[in-house]
1. Taking the structure as given and computing P(r) over Cα pairs in 10 Å bins from 0, in percent, which label from (1) 21, 54, 20, 4, 0; (2) 24, 51, 21, 3; (3) 19, 43, 24, 12, 1 fits?
2. Using alpha carbons only, how many degrees (0 to 90, rounded to 10) separate the axis of helix 45-62 from the longest principal axis of the chain?
3. Would you kindly state how much longer the chain becomes between ILE40 and THR22 on full extension, computed as 0.36 nm times their sequence separation minus their alpha carbon distance, in nm to one decimal?
4. If Lys and Arg each add +1 and Asp and Glu each add -1, what is the summed charge of the other residues whose beta carbon sits under 15 Å from the beta carbon of LYS50?
5. Filter LYS38/LYS61; LYS10/LYS61; LYS6/LYS46 down to the pairs with a C-alpha to C-alpha distance above 21 Å, please.
6. Could you work out the relative contact order of the chain, using alpha carbon pairs under 8 angstrom and six or more residues apart, expressed as a whole percent?
7. Hey, rough spin-label estimate for LEU33 and ILE52, points 7 angstrom out along Cα→Cβ, what's it come to in nanometres?
8. ³J(HN,Hα) across segment 32-41 via Karplus (A = 6.51, B = -1.76, C = 1.60, θ = phi - 60°), whole Hz, x for Gly/Pro?
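Each reported figure results from applying straightforward, stated rules to the coordinates on display, with no laboratory input. Quick caveat: nothing in here was measured; it's all calculated off a predicted structure. Using ideal geometry, Cβ is built from the backbone for each residue, glycine included, and neighbour counts are taken over all protein chains shown.
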Amino acid sequence: MITLTKFQSKDEFVLNSDLIETIEETPDTVITLTSSRKLIVEESAKEIVKKIMDFRRELGKFAR
């Protein structure tokens, strides 16, 4: 799960990163979920990828 910020409203929400299909910058960052739902967020694609990597790294610590 990663925390993101909704575009313009600045409200934070938590997203299950396993549901992300694509991330595009058009120039706003648009996340397309596996359900085809689209979310527009404040974070860049690079920031989102880093959050996902950090989250999965943390999960790995508990798998041992």
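1. (1)
2. 20
3. Values: separation 18, 0.36 × 18 = 6.48 nm, distance 1.20 nm.
Result for the pair: 5.3 nm of gain on full extension.
4. Working: positive: LYS46, LYS51, ARG56, ARG57; negative: GLU25, GLU42, GLU43, GLU47, ASP54, GLU58.
In short, -2.
5. Result: LYS38/LYS61; LYS10/LYS61 exceed 21 Å.
6. On the way: 85 pairs, mean separation 18.2, N = 64.
Relative contact order, the chain: 28 percent.
7. 1.5
8. 9, 8, 4, 7, 6, 5, 10, 10, 10, 10
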